[in-house]
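> Can you keep this structure in mind? I'll have questions shortly.
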Amino acid sequence: MPIICKSQCGNRAALKRPKTGDALCKDCFFAAFEAEIHHTISSSNLFRRGEKVAVAASGGKDSTVLAHVLKLLNERHNYGLELVLLSIDEGITGYRDDSLETVKQNRDDYQMPLKILSYEELYGWTMDRIVAQIGRSNNCTFCGVFRRQALDRGAKLLGVDSIATGHNADDIAETVLMNVLRGDTARLRRCTSIRTGGGEDTIPRVKPLKYSYEKEIVMYAHYKKLVYFSTECVFAPNAYRGHARAFLKDLEKVRPSVIMDIIYSGEQLRFKDTVKKPERGTCTRCGFVSSQQPCKACVLLEGLNRGLPKLGIGKKSKGERMIAKQNQELALRERANLVKNDF
């Protein structure tokens, strides 16, 4: 006997929503999925009429669905937004070069302007070259730090009012777990925020897909026949996030609501006033947002340019010792050259 759509539209159910367990037809699933994102946007006041919004586009399922739904809701509910696509080319052969072709297809499909910025032009390095220097144990640190700042640089260049990222509910739950396991209270305080940044010198980032399950995003993209890139980054298998993701999926098998439970738990966390809070300011070197001086991106870049790729990995004191040792060696080498030239 066929299962009828729970919304009582009279159609046969085509799928079971992972988030609620409801049996729905495709059209009712689309309507529910889009309505939830609209509610997230409107209830959190993510945008204001007339704003220019950059959609962080990687070509993956999340950013593709985000671009599609934002365009749809912008027209349906008359948000009055100017939407543009912003992509970062990390310089990963066989991965990012292919995914950017998908982003260009999204540009044509959704008729949005596209800006692509590369690590090469911003930092003088590609991830391929960085991995050749650092290996595959800490490469995601470089990519994550550089990518976050690259988005800020691109947003400033485009003159946008905010950056919309494709972080979904699974991503946020994973981040909560990671920060709990690392004891990172600074990031734990803000990782569940639907809006971050937004001070005088920073462009805010918003997460319209914060309460959308990854499985539902995949289902939406599949049934809508959206074009997206699904290959995993060639350098990602060793990332710490992968372990948190595997743990979360195991928990989800036992308790499907665990994703939302973790997010709600993160939102309700409170810290004592005695807990040290990082003060967000601007880097004295590059001028972009940072909670340390110089910013992490500048420290990592200095290490690469000095031939000390592990300079920004680990404690700050360790990095200072590495610089002091290198400076001492350079001074001795320079002194030896002076003595040699005297003869």
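Bear in mind these aren't lab numbers, they're just calculated from the coordinates by the rules spelled out. Model, not experiment: these values are computed from the prediction. Counting neighbours? That spans all protein chains shown, and the Cβs are built from the backbone with ideal geometry, glycine included.
> From the square roots a ≥ b ≥ c of the eigenvalues of the alpha-carbon gyration tensor of segment 1-101, which class results: rounded (a/c under 1.5), prolate (a/b over b/c), or oblate?
oblate
> Looking at this model, which pairs from Lys71/Lys249; Lys71/Lys115; Lys6/Lys253; Lys6/Lys61 are more than 19 angstrom apart at the alpha-carbon?
In this structure, Lys71/Lys249; Lys6/Lys253; Lys6/Lys61 exceed 19 Å between Cα atoms.
> Could you tell me what percent of the DSSP beta bridges with both partners in segment 48-271 are antiparallel, to the nearest 5?
Antiparallel: roughly 10 percent of the beta bridges in segment 48-271.
> For Leu114, enumerate residues with amide H under 5 Å from its amide H, sequence gap 5+ or separate chain, H modeled in the peptide plane.
Residues meeting the amide H criterion: Leu85.
> Would you please give the residues with an amide H less than 5 Å from that of Gly60, counting only those at least 5 places away or on a separate chain, with H modeled from the backbone geometry?
Under 5 Å from the amide H of Gly60: Phe229.
> Between Ser212 and residues 5 or more places away or on another chain, which pairs have amide H atoms under 5 Å apart, with H built 1.01 Å from N, and which residues are they?
Here the answer is Ala169, since their amide H atoms fall under 5 Å of that of Ser212.
> Cα gyration tensor of segment 112-187, axes a ≥ b ≥ c as square roots of the eigenvalues: rounded (a/c below 1.5), prolate (a/b > b/c) or oblate?
Oblate shape, in that a/c is at least 1.5 and b/c is the bigger or equal ratio.
> For the Cα atoms of the chain, what angle does the longest principal axis make with the long axis of helix 169-182, in degrees from 0 to 90, nearest 10?
So the helix axis and the longest Cα principal axis differ by about 40 degrees.
> Step through the residues of segment 279-291 one at a time and calculate ³J(HN,Hα) from phi using the Karplus curve (6.51 cos²θ - 1.76 cosθ + 1.60, θ = phi - 60°), rounding each to whole Hz and writing x for Gly and Pro.
9, 7, x, 10, 5, 6, 8, 9, x, 9, 4, 7, 10
> Are there GluC sites (Glu not before Pro) in segment 1-56 that DSSP puts in a loop and that have at most 15 other Cβ atoms within 10 Å, and which ones?
Sparse-neighbourhood loop GluC sites (Glu not before Pro): Glu51.
> At 222 nm, what helix-only mean residue ellipticity would the chain give, in deg cm²/dmol to the nearest 500, using -39500 (n - 2.57) for each DSSP H run of four or more?
Calculated mean residue ellipticity at 222 nm is -16500 deg cm²/dmol.
> Continuing with this model, one more query. Give the angle, between 0 and 90 degrees and rounded to the nearest 10, that separates the Cα long axis of helix 96-110 from the longest principal axis of the Cα atoms of the chain.
40
> Further, regarding this structure: Show me, for segment 6-21, the HN-Hα J-couplings you get by feeding each phi into the Karplus relation (A = 6.51, B = -1.76, C = 1.60, θ = phi - 60°), rounded to Hz, glycine and proline as x.
Whole-Hz 3J(HN,Hα) from phi for segment 6-21: 5, 6, 6, 7, x, 8, 6, 6, 10, 7, 10, 5, x, 6, 10, x.
> If I fit a long axis through the Cα atoms of helix 139-158 and take the longest principal axis of the Cα atoms of the chain, what angle between them do I get, 0 to 90°, rounded to 10?
Tilt relative to the chain: about 70 degrees.
> Pick out which of His77, His38, His167 has the largest mean-square fluctuation in a Gaussian network model of the chain, springs linking Cα atoms closer than 10 Å.
His77
> Tabulate in residue order the Karplus-calculated ³J(HN,Hα) for segment 26-42, using 6.51 cos²θ - 1.76 cosθ + 1.60 with θ = phi - 60°, rounded to whole Hz; enter x for Gly and Pro.
Residue by residue, segment 26-42 yields 4, 5, 6, 5, 4, 4, 5, 4, 5, 5, 5, 5, 4, 5, 4, 5, 6 Hz.
> Give the shape of segment 48-271 as rounded, prolate or oblate, defined through the alpha-carbon gyration tensor: a ≥ b ≥ c are the square roots of its eigenvalues, a/c under 1.5 means rounded, and otherwise the shape is prolate if a/b is larger than b/c and oblate if not.
rounded
> Here is a follow-up. Of the candidates Leu181, Leu15, Leu72, which one comes out as most mobile in a Gaussian network treatment of the chain with C-alpha springs shorter than 10 Å?
Leu181
> Moving on. What is the sum of charges around Ile92, taking Lys and Arg as +1, Asp and Glu as -1, for the other residues whose C-beta is under 10 Å from the C-beta of Ile92?
Summing Lys/Arg as +1 and Asp/Glu as -1 gives -4.
> Output the peptides 84-95, 21-32 sorted from most to least packed, where packing is the average of other Cβ atoms within 10 Å over each peptide's residues.
Ranked from most to least packed, the peptides come out as 84-95, 21-32.
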